[in-house]
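Reviewing the structure listed below.
The values are calculated or read from the model by the stated rules, or taken from the named source; none is laboratory data. Just so it is clear, the model here is predicted, and its values are computed rather than measured. Reconstructed Cβ throughout: ideal geometry from the backbone, glycine too, with neighbour counts over all protein chains shown.
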Amino acid sequence: MTRKLQSVGWLLLVACALLGAIPAPGAEDKKDDEKFADEVIADTMAAYRMAEFGRNAKTPSPEALVAAGSLLRSLKGAKLTKIAEKPTDADGKAAAGEDQATQNYEEQANELFDEAIALATKQGQDKTITELIKIAKARQYRAVLGGPKTINRTIGPNGWAVYNMEFEPHKRGTFGFRASFPMKITVVRSDNSVVIADGVTANDCASHVFGGLTAGHQSVPVTIRVQNLSKQAGTFTLLVN
């Protein structure tokens, strides 16, 4: 792959979630009591990765599911805006597939808490996990200002979803991707072919500070391509700031 997407170890994710602090790129320039859209994306993808660890069939971990739910719950004040751009296929025609409803962060957190209790009950740890969830729900978190754009969409076998979007120059763009199974995603600045992300993944994120404008452009054009390499239909979630 041209540029590998970012990845983070689960141990660091669990520790940061319990402390309520996973910094996003550029977060050092922001107030300690506020959380911005790029941090929301970074925290979201960290929570999704943590949940995957908790669901590992060989070493299932209800405490990891609680940590993931806690991190998502810390984002419940985020305002998710649906991506307005309509995707095309590889030939520029309207893409097959349908947009799906997107759960808010509190709904996602509660589902993970329920999943953690069910798993803990099988392991005889339900009392411990129930207490952890009680603590998580009582915790106060930093305020969230705004939120990212997002889409949750189905994609057919060997299907494509191509989004053409515009960004502001000299500012950071953050991209989060989650899929029901690994898919290929590329993020490319269209006017100069700078590759921001390129890889096959089911859960990852990338961040990039855009430079200045090129001749003939009033904004920074970016093309996001999602390709389902499988012979089965799937779903993906895209988060953009």
Checking the conditions here, which among Thr128, Thr88 is touching a strand residue (DSSP E or B) at 6+ places or on another chain (Cβ under 7 Å) and among the polar types (S, T, N, Q)? Thr88
Among the residues that make up region 88-103, is at least one of them assigned to a loop (DSSP other than H, G, I, E, B), more than 30 Å from Pro60 (Cβ to Cβ) and under 21 Å from the mean Cα position of the chain (by Cα)? yes
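Residue-wise test of (1) surrounded by 16 or more Cβ atoms within 10 Å (Cβ to Cβ); (2) assigned to a helix (DSSP H, G or I); (3) over 16 Å from the mean Cα position of the chain (by Cα); (4) modelled with pLDDT under 50.
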position	(1), (2), (3), (4)
Ala17	yes, yes, no, yes
Lys31	no, no, yes, no
Ala47	yes, yes, no, no
Lys58	no, no, yes, no
Would you check which residues across region 216-233 are among the aliphatic types (A, V, I, L, M) and under 22 Å from Lys93 (Cβ atoms) and list them? Val222, Ile224, Val226, Leu229, Ala233
Tally the residues that are more than 17 Å from Ala51 (Cβ to Cβ), at pLDDT 95 or above and surrounded by 16 or more Cβ atoms within 10 Å (Cβ to Cβ), restricting the search to region 131-142. 0
Looking at region 204-213, can you tell me whether even one residue there is polar (S, T, N, Q) and surrounded by fewer than 19 Cβ atoms within 10 Å (Cβ to Cβ)? no
If you go through region 153-181 one residue at a time, how many are more than 14 Å from Thr88 (Cβ to Cβ), among the charged types (D, E, K, R) and in contact with a Leu (Cβ under 9 Å, 6 or more places away or on another chain)? 1
If we keep just the residues of region 121-144 that are among the hydrophobic types (A, V, I, L, M, F, W, C) and over 17 Å from the mean Cα position of the chain (by Cα), which is farthest from Thr81 (Cα to Cα)? Ile129
Going by the structure shown, is Lys93 at pLDDT 95 or above, loosely packed, with under 15 Cβ neighbours inside 10 Å, more than 17 Å from Ala143 (Cα to Cα) and not aromatic (Phe, Trp, Tyr)? yes
